[in-house]
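Student: To start, I am sharing the structure in question, which I have written as structure tokens.
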């Protein structure tokens, strides 16, 4: 059993742990194939002292420990561990993509990729549904875009379709990823997913529960799905936006960055027209 | 335990029948994430033991009357494959399997944050593919790795190891013959960070001092095995990254483009104090 050097836990890093929520993230980065990646923490590992316990952690006295395998992240006085793996736990306000698994007289049962089934009540859909008439609107196997409207202490979940844009999804395909990877796929301020949408010219909706809806021209949809899979695999490396951009460009897609791009095109036309 | 045998289990130099010293562990290898279908999994080899563990959950409990409205339950299934032992083991639970399952589930309940998943179950399936004494410890050790692999929130991993008495000597990690013909067997499991004992059994005859000696020996070995568990989990992560990054030759840089970009931590109400 020889331990490869680049995997051994560096004891010194633990000793150099900064306390009291510094704005600076203590970087524990390793090199994997020449790319900088973040080192992971394991359950029971000390991740902070004097900080508040965020997601993926727990506190004992002043010390905060990791509760899941993941990446440490310190922000605003909280130390969090972004888990690599984990089920989707519904939160109020999350937009999710679900599958109808059962139909009752006053509700439909929705699978939202979580340990908890989510009922969708007839009062929470935009149609006027009569008692017992539910099958006319949604059937078992339908895919819907909904929002988590309530979660109580015993994790009874309810979803609603009353938000603008929520509906049954009739076209397109669904890609499933680990729910913890969703923020990376969306990117800072939506930058990553917007870039993929532009370059593949697909409509894409990312559900917080790890389900992503893609619709567009067939080749482009496959490309978008592949780009998303790359993010899921390489989420812990740096330089991912650039990597995805290069990947899409290699497949012949160009990024016209919104207004700026269109003006450049117009300018080119003017120049050419003389 | 307690059969008679003519050969000496320990010779004059303190060497055991498989060549090990008194306090030497058998070779152990652990690999995390071996089953794609399971939420978490681990494969473990411990001497001649071969163990596979799969974790599913948290997920809905069926039948419903078993669910607990306040927390998750742990359902641990220890099973020996019919081909795992010399004489075919009939498939299906027997009293020994049921006992091992019960104590193992209870051991894990001490470290898993069950209150985060009310009304669910965490199913842990551990199967012995080849048995050579110490299977319950090997299984529990593998199960911990599988749980961490599944992303189940825990205080720490659980590690297990056994010690025993053979030819009036306290030895670590009994092998099959030592277990069958020895004088006592003491399996034990701990939570490494706190040192708390979450599983402790004894089968045979020992004085209180011998029990202490055996426990100390087993606990010390647990810390060694804990390193192997951690190594397995880290290795899976870096291996996956290596495979993923291996295709591209270019090395694009992007300081602001790290793993946390886009991450919105749920900072409210997560300051959970644990004793």
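A short reminder: the numbers here are calculations on the coordinates, not readings from a lab. Please read all numbers here as calculations on a predicted model, not as lab measurements. Every residue, glycine among them, receives a Cβ derived from its backbone with ideal geometry; neighbour counts consider all protein chains shown.
Student: How much length is gained on full extension from residue B:98 to residue B:68, taking 0.36 nm per residue of separation minus their Cα-Cα distance?
Tutor: On the way: separation 30, 0.36 × 30 = 10.80 nm, distance 2.09 nm.
Length gained between residue B:98 and residue B:68: 8.7 nm.
Student: With a 10 Å radius around each residue's Cβ, average the other Cβ atoms per peptide and rank A:222-229, B:94-101, highest first. Don't jump to the answer; show the numbers that get you there.
Tutor: Working: A:222-229: 19.9, B:94-101: 14.6.
Put in order of decreasing packing, that is A:222-229, B:94-101.
Student: Using 0.36 nm times the number of residues separating residue A:255 and residue A:152, minus their current alpha carbon distance, what extension gain do you get?
Tutor: Working: separation 103, 0.36 × 103 = 37.08 nm, distance 4.35 nm.
So the chain would gain 32.7 nm between residue A:255 and residue A:152.
Student: Provide a whole-number value for the mean count of partner chain Cβ atoms within 10 Å of the Cβ atoms in peptide A:50-56. Numbers along the way, then the final one.
Tutor: Values: counts 0, 1, 3, 6, 6, 7, 4.
Across A:50-56, the average partner-chain Cβ count within 10 Å equals 4.
Student: How far apart, in nm, are two points set 7 Å out from the Cα along the Cα-to-Cβ line at residue A:162 and at residue A:92?
Tutor: Using points 7 Å along Cα→Cβ, the separation is 1.3 nm.
Student: Among the DSSP beta bridges whose two residues both lie in region B:1-142, what percent are antiparallel, rounded to the nearest 5? All intermediate terms of the calculation are to be shown ahead of the outcome.
Tutor: On the way: 22 of 30 bridges.
The answer is about 75 percent antiparallel.
Student: Give me the number: length gained by fully extending residue A:103 to residue A:233, i.e. 0.36 nm times residue separation minus the C-alpha to C-alpha distance, one decimal in nm.
Tutor: Details: separation 130, 0.36 × 130 = 46.80 nm, distance 3.62 nm.
Length gained between residue A:103 and residue A:233: 43.2 nm.
Student: Here's another thing I want to ask about it. Arrange the peptides B:170-179, A:240-249, B:206-215 so that the one whose residues have, on average, the most other Cβ atoms within 10 Å appears first.
Tutor: Working: B:170-179: 22.7, A:240-249: 18.7, B:206-215: 15.3.
In decreasing order of mean packing, B:170-179, A:240-249, B:206-215 become B:170-179, A:240-249, B:206-215.
Student: Would you calculate the separation in nanometres between label points at residue B:130 and residue B:240, each defined as 7 Å from the Cα along the Cα-to-beta-carbon direction?
Tutor: Those two pseudo-labels are separated by 2.8 nm.
Student: Another one. How many angstrom lie between the Cα centre of region A:102-143 and the Cα centre of region B:147-171?
Tutor: When both Cα centres are located, 47 Å separates them.
Student: Rounded to the nearest 0.05, what FRET efficiency do residue A:246 and residue B:36 have when you use their Cβ-Cβ distance and R0 = 35 Å?
Tutor: Details: r = 29 Å, r/R0 = 0.82.
For R0 = 35 Å, the calculated efficiency reads 0.75.
Student: On average, how many beta carbons from a partner chain sit within 10 Å of the beta carbon of a residue in B:32-39? The partial results should precede the final answer.
Tutor: On the way: counts 1, 1, 0, 0, 0, 0, 0, 3.
Taking all residues of B:32-39 together, the mean is 1.
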